[in-house]
1. Charges only on Cβ, +1 for Lys and Arg, -1 for Asp and Glu: so what's the dipole of the stretch 38-167 about the Cα centre, in debye to the nearest 20?
2. Ranked from highest to lowest mean number of other Cβ atoms within 10 Å per residue, what is the order of the peptides 111-123, 65-77, 94-106?
3. Taking other Cβ within 10 Å of each residue's Cβ, how do 154, 130 sort, fewest first?
4. Got a sec to turn the phi values of the stretch 68-80 into Karplus ³J(HN,Hα) couplings, 6.51 cos²θ - 1.76 cosθ + 1.60 with θ = phi - 60°, whole Hz, x for Gly and Pro?
5. Just add up the charged neighbours of residue 54: K/R +1, D/E -1, any other residue whose Cβ is under 13 Å from the Cβ of residue 54.
6. Under the rule of at least 5 residues apart or a separate chain, name every residue whose amide H is placed under 5 Å from the amide H of residue 150.
7. List, in order, the whole-Hz ³J(HN,Hα) value for each residue of the stretch 134-142 obtained from phi through the Karplus relation with A = 6.51, B = -1.76, C = 1.60 and θ = phi - 60°; use x for Gly and Pro.
8. Kindly provide the pair-distance distribution of the stretch 38-167 built from C-alpha pairs, with 5 Å bins from 0 and whole-percent values in order of increasing distance.
Amino acid sequence: MKHPFVWLFLFCGFILGGCSSSKRIATPVRHVERISHAVPVSEDQTGRLVREARKWIGTPYRYGGQTRSGTDCSGMVMVLFGEVYGLQLPRASAQQRDFALPVSEQELTPGDLVFFATSGSSAVSHVGIYIGSGKMIHASTSRGVIESSLNEKYYRQHFHSAGRIVAPASGAASAESRKQLKKTIKELEKEKKRLLRLEQQIESQIDTTSTPVYVPDPEIFD
């Protein structure tokens, strides 16, 4: 194919083909979850989260529990984020760590989660809610829900990482985003079909034994 428009078509087709292919735009679920919830959190929401977490102080520890009558660390976190942000977190602390957007310890702000490896391995097995000033609220197996300093020797030795789980977009905003995405994909598919028609027109006019004659598509300059 010697005609320059054919090469132009191939280039455009490659770009649009990549955009419209479901296989190429597929993204791992965990990545989608993180991006879809990455919207600003107001100070009011953060303040409410900390206030609600303080209400749990004194709750006895109960493995598998997630109520004010008894809770474990991840159960309390899951319930609080559901109540304040309307966001369903995974149940286990290790899963919550994977769900969170990683932040460094120096970047911690109230409402972030702090994770610890307390089971003798490198795996996350404990989680707390950072409330500022180097402190967290968490469910201790021996003392129930308490406020502790991250600088305490035990927590310093077992600190694993920190993460930020920001509030999800509202249902209306999420629906609007999905609607816009579908519209964009539909437009790309339409453009791809138009370029395919253009290729067919070009191919039908190319004579390899003579000088090509090209009649432009009247829509090409839209």
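1. With Lys and Arg at +1 and Asp and Glu at -1, about 380 debye.
2. So the peptides 111-123, 65-77, 94-106, ranked by packing, come out 65-77, 111-123, 94-106.
3. The fewest-first ordering by Cβ neighbours comes to 154, 130.
4. Rounded to whole hertz, the list is 6, 8, x, 8, 9, 4, 6, x, 4, 4, 4, 5, 5.
5. Around residue 54, the surrounding residues sum to +3.
6. It is 135, 136, by chain and number.
7. Once rounded to whole Hz, the list reads x, 10, 9, 10, 7, 9, 7, 5, 9.
8. Calculated over all Cα pairs of the stretch 38-167, the distribution is 2, 12, 23, 28, 22, 10, 3, 0 percent.
Read the figures in this text as sums done on the coordinates, not as results from a lab. Since the structure is predicted, the reported quantities are computational estimates derived from the model, not experimental observations. Positions of Cβ are backbone-derived with ideal geometry, glycine not excepted, and every protein chain shown enters the neighbour counts.
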